[in-house]
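Let me begin by presenting the structure, written as structure tokens, before commenting on it.
The values are calculated or read from the model by the stated rules, or taken from the named source; none is laboratory data. Predicted model, so just to flag it, every value in this text is computed and none were measured. We place every Cβ from the backbone using ideal geometry, glycine too, and count neighbours over all the protein chains shown.
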Amino acid sequence: MALPKTVIEEMQKGQPSAGLRLVKPPRLEQGDRLTREEFERRYDAMPNLKKAELIEGAVYMPSPVRHREHGRQHIQLAGLIMLYSTATAGTDCSDNATIRLDTINGPQPDLVLFVDESAGGNTRISEDGYIVGAPELVVEIAASSESYDLHTKLEAYCRNGVREYIAWRTEDGELDWFRLRGKKYVRVQPDDKGVIASSVFPGLRLHVKALLAGDMKKVLAELQKGLKSKEHADFVNRLSQKSQRKSKR
């Protein structure tokens with residue numbers, strides 16, 4: 001059946017008839033069970049919402065964050081990740097970006113560090129600007145071991161192949177560094193100097209003991225050692241070679 005003339009005229013003007021207007025998506029609510037596509041549709045319709053995540057099909061809407069238990073620690077690790085990425089061509093990083101992990105997971109991790117797709121990374125950037133796939137490294141600031149960051153979200157990251165996962169438990173005064181081995185995460189222990197070196201990003205060295213003590217000068221000095229190492233230079237060279245090979249295809 002043909003559309004009425006008034007409806008056609010309104011559509012041509014970019015003003016659909018009331019009967020054809022799209023229904024506004026329902027609000028996101030804590031505990032909603034959604035697909036990732038529906039989660040994004042509702043999230044996009046709430047521009048004033050600061051943060052929401054879809055983890056294993058369930059919506060989580062974290063409480064406002066505190067400076068002493070989250071904000072300060074977040075910016076400390078953000079600075080570290082940014083400095084490493086800046087010194088490592090072929091990598092990229094992001095802060096609070098929603099990740100299209102799979103059909104039932106759209107986490108918004110505090111920090112991610114990943115290898116560019118052109119250099120052989122696991123992720124790609126979609127046409128609408130989202131990170132798609134599993135970043136090589138994810139960082140979360142968690143209040144304690146009771147946080148969903150250490151349970152449901154950890155399981156989702158593990159299953160989807162996030163190779164390294166750092167969770168800083170600020171209220172417990174602990175930092176967990178998980179490394180993917182097979183299909184399971186194994187907790188990595190610092191060496192006798194209190195340092196953990198990434199197995200995915202050569203040169204990324206974190207002085208855990210100094211970080212937990214608030215000694216950022218020592219943390220940054222340890223990172224600089226890593227950035228000046230031969231293993232880091234070799235890594236940058238490998239990424240460059242992969243990018244060049246791909247660009248010639």
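Among the residues of region 202-215, is there at least one that is among the small types (Gly, Ala, Ser), modelled with pLDDT of 95 or more, surrounded by 13 or more Cβ atoms within 10 Å (Cβ to Cβ) and within 23 Å of the chain's Cα centre (by Cα)?
Residues of region 202-215 that are among the small types (Gly, Ala, Ser), as a first pass: 203, 210, 213-214.
Filter once more, keeping what is modelled with pLDDT of 95 or more: 203, 210, 213-214.
When the remaining residues are screened for being surrounded by 13 or more Cβ atoms within 10 Å (Cβ to Cβ), the result is 203, 210, 213.
With within 23 Å of the chain's Cα centre (by Cα) added as a condition, the list becomes 203.
Yes; the residues of region 202-215 include at least one that is among the small types (Gly, Ala, Ser), modelled with pLDDT of 95 or more, surrounded by 13 or more Cβ atoms within 10 Å (Cβ to Cβ) and within 23 Å of the chain's Cα centre (by Cα).
Every residue, every condition in (1) touching a strand residue (DSSP E or B) at 6+ places or on another chain (Cβ under 6 Å); (2) modelled with pLDDT of 95 or more; (3) under 16 Å from GLY214 (Cβ atoms), yes or no:
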| residue | (1), (2), (3) |
| --- | --- |
| GLU40 | no, yes, no |
| LEU49 | no, no, no |
| VAL59 | no, yes, no |
| PRO62 | no, no, no |
| ARG66 | no, no, no |
| GLU69 | no, no, yes |
| ILE75 | no, yes, yes |
| GLY79 | no, yes, yes |
| TYR84 | no, yes, no |
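For region 160-199, give me the residue count where each residue is touching a Leu at 6+ places or on another chain (Cβ under 9 Å), on the phi < 0 side of the Ramachandran plot and not aromatic (Phe, Trp, Tyr). Going through region 160-199 one residue at a time, the tally reaches 16. Criterion applied to ASP172, ASP149 was being surrounded by 14 or more Cβ atoms within 10 Å (Cβ to Cβ), of a type outside the set (Gly, Ala, Ser) and in contact (Cβ under 8 Å) with a residue 24 or more places away in the chain, and the one residue passing it is ASP172.
Quick check on my filter: what residues within region 17-36 are under 16 Å from ALA97 (Cα atoms) and at pLDDT below 95? It would help to see each step written out before you state the result.
First, the residues of region 17-36 that are under 16 Å from ALA97 (Cα atoms): 36.
Hits for region 17-36: nothing passes.
Annotation: LEU28 fulfils all but one of (1) within 24 Å of LEU211 (Cβ to Cβ); (2) in a loop (DSSP other than H, G, I, E, B); the unmet one is (1).
If the condition is being surrounded by 15 or more Cβ atoms within 10 Å (Cβ to Cβ) and either in contact with a helix residue (DSSP H, G or I) (Cβ under 8 Å, 6 or more places away or on another chain) or within 30 Å of ARG169 (Cβ to Cβ) (or both), then region 226-249 contributes GLY226, LEU227, SER229, HIS232, PHE235, LEU239, LYS242, SER243. Regarding region 87-94, can at least one residue be identified that is within 24 Å of LYS218 (Cα to Cα), out of contact with any Phe, Trp or Tyr (no Cβ under 8 Å at 6 or more places or on another chain), exposed (fewer than 14 other Cβ atoms within 10 Å of the Cβ) and not β-branched (Val, Ile, Thr)? No, region 87-94 has no match at all.
For region 153-169, taking the residues that are more than 14 Å from the chain's Cα centre (by Cα) and surrounded by fewer than 18 Cβ atoms within 10 Å (Cβ to Cβ), the one that is farthest from VAL208 (Cα to Cα) is identified as ARG159. Being small (Gly, Ala, Ser) and either modelled with pLDDT under 95 or over 14 Å from the mean Cα position of the chain (by Cα) (or both) is the filter; apply it to region 125-146 and report the residue that is surrounded by the most Cβ atoms within 10 Å (Cβ to Cβ). Here the answer is ALA142. Taken together, the residues in region 66-100 that are touching a residue at least 60 places away in the same chain (Cβ under 8 Å), assigned to a loop (DSSP other than H, G, I, E, B) and among the hydrophobic types (A, V, I, L, M, F, W, C) amount to 2. Applying the set (1) out of contact with any Ser or Thr (no Cβ under 7 Å at 6 or more places or on another chain); (2) in contact (Cβ under 8 Å) with a residue 24 or more places away in the chain; (3) closer than 18 Å to THR91 by Cβ; (4) not aromatic (Phe, Trp, Tyr) to VAL219 leaves exactly one unmet item: (3).
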